[in-house]
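I have placed the structure first, in the form of C-alpha coordinates, so that the comments after it can refer back to it.
The values are calculated or read from the model by the stated rules, or taken from the named source; none is laboratory data. Treat the numbers as computed from the prediction; the structure is a model and nothing was measured. Backbone-built Cβ (ideal geometry, glycine too); neighbour counts: all protein chains shown.
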Amino acid sequence: MCFSATASFSASASLAIIGVVSFVKAKDTPRKVMAGIPFVFAIQQCVEGVLWMSLLHPAWHRWEGAATYLFQVFAQVVWPVYIPLSILFFENSRSRQRMIFLLFLFGVGLSACTCYYLYQYPVQAIAEHHHIRYEPGFPLAQKWYYGLLYFLPTILAPILSSVRHIRWLGYLFLFSYAVSRVLFHFYEISVWCFFGALISAMVLFIITRPLKMSDGV
(Lines give C-alpha, C1' and ligand atoms only; values in the text may rest on other atoms or scores of the structure.)
Protein backbone atom coordinates (compact mmCIF):
# COMPACT_ATOMS: atom_id res chain seq x y z
CA MET A 1 0.00 0.00 0.00
CA CYS A 2 1.11 3.54 -0.65
CA PHE A 3 0.84 5.16 2.80
CA SER A 4 2.72 3.23 5.49
CA ALA A 5 3.87 -0.19 6.63
CA THR A 6 0.99 -0.37 9.11
CA ALA A 7 -1.54 0.33 6.37
CA SER A 8 0.06 -2.26 4.10
CA PHE A 9 0.09 -5.00 6.72
CA SER A 10 -3.48 -4.18 7.79
CA ALA A 11 -4.69 -4.35 4.20
CA SER A 12 -2.79 -7.58 3.70
CA ALA A 13 -4.48 -9.22 6.69
CA SER A 14 -7.94 -8.06 5.60
CA LEU A 15 -7.45 -9.21 2.02
CA ALA A 16 -6.11 -12.57 3.16
CA ILE A 17 -9.33 -13.13 5.10
CA ILE A 18 -11.41 -12.10 2.09
CA GLY A 19 -9.35 -14.40 -0.12
CA VAL A 20 -9.81 -17.38 2.18
CA VAL A 21 -13.57 -16.76 2.49
CA SER A 22 -13.83 -16.32 -1.29
CA PHE A 23 -12.04 -19.61 -1.91
CA VAL A 24 -14.22 -21.46 0.60
CA LYS A 25 -17.38 -19.98 -0.96
CA ALA A 26 -16.27 -20.73 -4.52
CA LYS A 27 -18.18 -23.73 -5.85
CA ASP A 28 -16.58 -24.21 -9.26
CA THR A 29 -13.29 -23.70 -11.09
CA PRO A 30 -13.98 -20.19 -12.47
CA ARG A 31 -14.87 -18.89 -9.02
CA LYS A 32 -11.90 -20.62 -7.38
CA VAL A 33 -9.52 -19.02 -9.89
CA MET A 34 -11.07 -15.58 -9.30
CA ALA A 35 -10.92 -16.15 -5.52
CA GLY A 36 -7.13 -15.97 -5.84
CA ILE A 37 -7.23 -12.27 -6.78
CA PRO A 38 -7.69 -10.82 -3.25
CA PHE A 39 -5.34 -13.44 -1.82
CA VAL A 40 -2.55 -12.53 -4.28
CA PHE A 41 -3.17 -8.85 -3.52
CA ALA A 42 -2.79 -9.74 0.17
CA ILE A 43 0.67 -11.20 -0.48
CA GLN A 44 1.61 -8.20 -2.59
CA GLN A 45 0.56 -5.73 0.11
CA CYS A 46 2.52 -7.71 2.70
CA VAL A 47 5.58 -7.47 0.47
CA GLU A 48 5.18 -3.70 0.20
CA GLY A 49 4.82 -3.54 3.98
CA VAL A 50 8.19 -5.27 4.28
CA LEU A 51 9.58 -2.82 1.72
CA TRP A 52 8.32 0.12 3.79
CA MET A 53 10.11 -1.32 6.83
CA SER A 54 13.32 -1.87 4.86
CA LEU A 55 13.30 1.71 3.55
CA LEU A 56 12.62 3.33 6.92
CA HIS A 57 14.37 1.07 9.43
CA PRO A 58 18.06 0.09 9.12
CA ALA A 59 17.45 -3.28 10.78
CA TRP A 60 15.23 -4.27 7.86
CA HIS A 61 17.50 -2.90 5.13
CA ARG A 62 18.68 -6.33 3.96
CA TRP A 63 15.15 -7.06 2.70
CA GLU A 64 14.94 -3.97 0.46
CA GLY A 65 16.20 -5.53 -2.76
CA ALA A 66 14.12 -8.69 -2.51
CA ALA A 67 10.96 -6.80 -1.53
CA THR A 68 11.42 -4.27 -4.33
CA TYR A 69 11.75 -6.91 -7.03
CA LEU A 70 9.06 -9.16 -5.59
CA PHE A 71 6.57 -6.27 -5.57
CA GLN A 72 7.45 -5.55 -9.20
CA VAL A 73 6.87 -9.19 -10.09
CA PHE A 74 3.39 -9.11 -8.58
CA ALA A 75 2.50 -5.71 -10.03
CA GLN A 76 3.92 -6.06 -13.53
CA VAL A 77 4.25 -9.78 -14.20
CA VAL A 78 1.46 -11.57 -12.32
CA TRP A 79 -1.52 -9.29 -12.98
CA PRO A 80 -1.28 -8.99 -16.80
CA VAL A 81 -1.62 -12.80 -16.89
CA TYR A 82 -3.79 -13.63 -13.88
CA ILE A 83 -6.58 -11.10 -14.44
CA PRO A 84 -7.45 -12.00 -18.06
CA LEU A 85 -7.08 -15.69 -17.21
CA SER A 86 -9.57 -15.43 -14.34
CA ILE A 87 -12.02 -13.54 -16.60
CA LEU A 88 -11.62 -16.10 -19.38
CA PHE A 89 -12.83 -18.92 -17.14
CA PHE A 90 -16.17 -17.16 -16.71
CA GLU A 91 -16.82 -16.44 -20.38
CA ASN A 92 -19.27 -18.41 -22.53
CA SER A 93 -19.62 -15.97 -25.42
CA ARG A 94 -17.39 -17.24 -28.24
CA SER A 95 -16.59 -13.79 -29.62
CA ARG A 96 -15.72 -12.41 -26.18
CA GLN A 97 -13.71 -15.55 -25.38
CA ARG A 98 -11.55 -14.92 -28.43
CA MET A 99 -10.94 -11.27 -27.52
CA ILE A 100 -10.14 -12.02 -23.90
CA PHE A 101 -7.92 -14.95 -24.90
CA LEU A 102 -5.95 -12.63 -27.19
CA LEU A 103 -5.56 -10.22 -24.27
CA PHE A 104 -4.39 -13.12 -22.13
CA LEU A 105 -1.75 -14.06 -24.73
CA PHE A 106 -0.71 -10.41 -24.94
CA GLY A 107 -0.41 -10.35 -21.14
CA VAL A 108 1.78 -13.46 -21.22
CA GLY A 109 4.06 -11.81 -23.77
CA LEU A 110 4.21 -8.54 -21.82
CA SER A 111 4.96 -10.37 -18.57
CA ALA A 112 7.70 -12.41 -20.24
CA CYS A 113 9.33 -9.21 -21.53
CA THR A 114 9.01 -7.60 -18.10
CA CYS A 115 10.61 -10.63 -16.45
CA TYR A 116 13.56 -10.29 -18.80
CA TYR A 117 13.88 -6.55 -18.13
CA LEU A 118 13.63 -7.00 -14.36
CA TYR A 119 16.44 -9.55 -14.59
CA GLN A 120 18.63 -7.32 -16.75
CA TYR A 121 18.01 -3.88 -15.24
CA PRO A 122 17.95 -2.46 -11.68
CA VAL A 123 14.80 -1.24 -9.95
CA GLN A 124 14.94 1.35 -7.18
CA ALA A 125 12.27 2.05 -4.54
CA ILE A 126 12.16 5.44 -2.79
CA ALA A 127 9.93 6.34 0.16
CA GLU A 128 8.76 9.95 -0.05
CA HIS A 129 5.62 11.97 0.82
CA HIS A 130 3.89 8.92 2.32
CA HIS A 131 4.27 7.01 -0.95
CA ILE A 132 6.75 4.62 -2.50
CA ARG A 133 8.12 5.67 -5.86
CA TYR A 134 9.43 2.85 -8.05
CA GLU A 135 12.05 3.64 -10.68
CA PRO A 136 12.47 0.68 -13.06
CA GLY A 137 15.67 0.90 -15.02
CA PHE A 138 14.48 -0.90 -18.15
CA PRO A 139 13.80 1.21 -21.28
CA LEU A 140 10.18 0.11 -21.81
CA ALA A 141 9.12 1.54 -18.45
CA GLN A 142 10.24 4.99 -19.61
CA LYS A 143 7.98 4.97 -22.67
CA TRP A 144 4.69 6.87 -22.53
CA TYR A 145 2.80 3.94 -24.04
CA TYR A 146 3.91 1.39 -21.43
CA GLY A 147 0.86 2.21 -19.31
CA LEU A 148 -1.36 1.50 -22.30
CA LEU A 149 0.30 -1.89 -22.87
CA TYR A 150 -0.30 -2.74 -19.21
CA PHE A 151 -3.88 -1.45 -19.45
CA LEU A 152 -4.92 -3.89 -22.19
CA PRO A 153 -4.77 -7.25 -20.36
CA THR A 154 -5.37 -6.04 -16.80
CA ILE A 155 -8.28 -3.62 -17.30
CA LEU A 156 -9.75 -4.16 -20.75
CA ALA A 157 -10.26 -7.91 -20.16
CA PRO A 158 -12.84 -7.53 -17.35
CA ILE A 159 -14.55 -4.69 -19.23
CA LEU A 160 -15.07 -7.03 -22.20
CA SER A 161 -16.70 -9.72 -20.02
CA SER A 162 -20.33 -10.59 -20.69
CA VAL A 163 -20.85 -10.98 -16.92
CA ARG A 164 -22.24 -7.68 -15.66
CA HIS A 165 -20.57 -7.63 -12.26
CA ILE A 166 -17.20 -8.53 -13.73
CA ARG A 167 -17.59 -5.59 -16.12
CA TRP A 168 -18.19 -3.35 -13.10
CA LEU A 169 -15.00 -4.73 -11.61
CA GLY A 170 -13.25 -3.63 -14.80
CA TYR A 171 -14.82 -0.16 -14.66
CA LEU A 172 -13.61 0.27 -11.08
CA PHE A 173 -10.12 -0.84 -12.13
CA LEU A 174 -10.25 1.68 -14.99
CA PHE A 175 -11.39 4.55 -12.76
CA SER A 176 -8.74 3.81 -10.13
CA TYR A 177 -6.06 3.50 -12.83
CA ALA A 178 -7.05 6.89 -14.29
CA VAL A 179 -6.97 8.54 -10.84
CA SER A 180 -3.57 6.99 -10.10
CA ARG A 181 -2.21 8.03 -13.49
CA VAL A 182 -3.42 11.64 -13.29
CA LEU A 183 -3.14 12.49 -9.60
CA PHE A 184 -0.28 10.26 -8.46
CA HIS A 185 1.84 9.97 -11.59
CA PHE A 186 5.19 9.39 -9.85
CA TYR A 187 3.64 6.82 -7.50
CA GLU A 188 1.26 5.26 -10.02
CA ILE A 189 2.26 1.62 -9.50
CA SER A 190 1.99 1.72 -5.73
CA VAL A 191 -1.23 3.77 -5.64
CA TRP A 192 -3.02 1.75 -8.32
CA CYS A 193 -2.14 -1.49 -6.57
CA PHE A 194 -3.60 0.00 -3.39
CA PHE A 195 -6.86 0.83 -5.18
CA GLY A 196 -6.84 -2.54 -6.92
CA ALA A 197 -6.40 -4.31 -3.59
CA LEU A 198 -9.45 -2.51 -2.15
CA ILE A 199 -11.52 -3.16 -5.27
CA SER A 200 -10.63 -6.85 -5.19
CA ALA A 201 -12.94 -7.17 -2.18
CA MET A 202 -15.73 -7.11 -4.80
CA VAL A 203 -14.53 -10.55 -5.89
CA LEU A 204 -16.26 -12.04 -2.86
CA PHE A 205 -19.56 -10.55 -4.04
CA ILE A 206 -19.08 -11.93 -7.56
CA ILE A 207 -18.25 -15.39 -6.23
CA THR A 208 -21.17 -15.62 -3.82
CA ARG A 209 -23.76 -14.21 -6.23
CA PRO A 210 -25.69 -16.92 -8.15
CA LEU A 211 -24.96 -15.71 -11.67
CA LYS A 212 -27.60 -16.46 -14.29
CA MET A 213 -26.92 -17.90 -17.73
CA SER A 214 -27.92 -14.57 -19.26
CA ASP A 215 -25.02 -12.98 -17.35
CA GLY A 216 -22.56 -15.10 -19.27
CA VAL A 217 -21.96 -18.08 -16.97
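Quick notes on this structure:
- Among the candidates V203, V182, the residue that is assigned to a helix (DSSP H, G or I) and either modelled with pLDDT under 75 or surrounded by fewer than 18 Cβ atoms within 10 Å (Cβ to Cβ) (or both) is uniquely V182.
- Some residue of the range 9-17 being crowded, with 22+ Cβ neighbours inside 10 Å, under 22 Å from H165 (Cβ atoms) and modelled with pLDDT under 90: yes
- Within the range 131-154, the set of residues being surrounded by 20 or more Cβ atoms within 10 Å (Cβ to Cβ) and over 27 Å from W52 (Cα atoms) comprises P153 only.
- Condition broken by I132, with the remaining ones in (1) under 28 Å from S22 (Cβ atoms); (2) touching a Phe, Trp or Tyr at 6+ places or on another chain (Cβ under 9 Å); (3) without any contact (Cβ under 8 Å) to a residue 12 or more places away in the chain satisfied: (3)
- Only one of the numbered conditions (1) assigned to a loop (DSSP other than H, G, I, E, B); (2) modelled with pLDDT of 70 or more is not met by P210, and that is (2).
- Taking the range 41-65 as the range and being in contact with a Cys (Cβ under 9 Å, 6 or more places away or on another chain) and either surrounded by fewer than 21 Cβ atoms within 10 Å (Cβ to Cβ) or among the hydrophobic types (A, V, I, L, M, F, W, C) (or both) as the test, only F41 passes.
- Only one of A26, A35 that is surrounded by 15 or more Cβ atoms within 10 Å (Cβ to Cβ), more than 21 Å from V123 (Cβ to Cβ), in contact (Cβ under 8 Å) with a residue 24 or more places away in the chain and touching a Lys or Arg at 6+ places or on another chain (Cβ under 7 Å): A26
- One residue from L169, L160 being within 19 Å of S86 (Cα to Cα), within 16 Å of the chain's Cα centre (by Cα), modelled with pLDDT of 85 or more and buried (at least 17 other Cβ atoms within 10 Å of the Cβ): L169
- Cβ pairs under 7 Å, 6+ apart, first in the range 51-63 and without any contact (Cβ under 8 Å) to a residue 60 or more places away in the chain and over 15 Å from H130 (Cα atoms), second among the β-branched types (V, I, T) and part of a helix (DSSP H, G or I): W63/V50
- If you go through the range 185-200 and keep only what is modelled with pLDDT of 75 or more and either surrounded by fewer than 17 Cβ atoms within 10 Å (Cβ to Cβ) or part of a helix (DSSP H, G or I) (or both), you end up with just I199.
- For the range 99-138, a tally of residues being modelled with pLDDT under 80 and assigned to a helix (DSSP H, G or I) returns 0.
- In this entry, G109 passes the filter for residues that are surrounded by fewer than 18 Cβ atoms within 10 Å (Cβ to Cβ) and of a type in the set (G, A, S).
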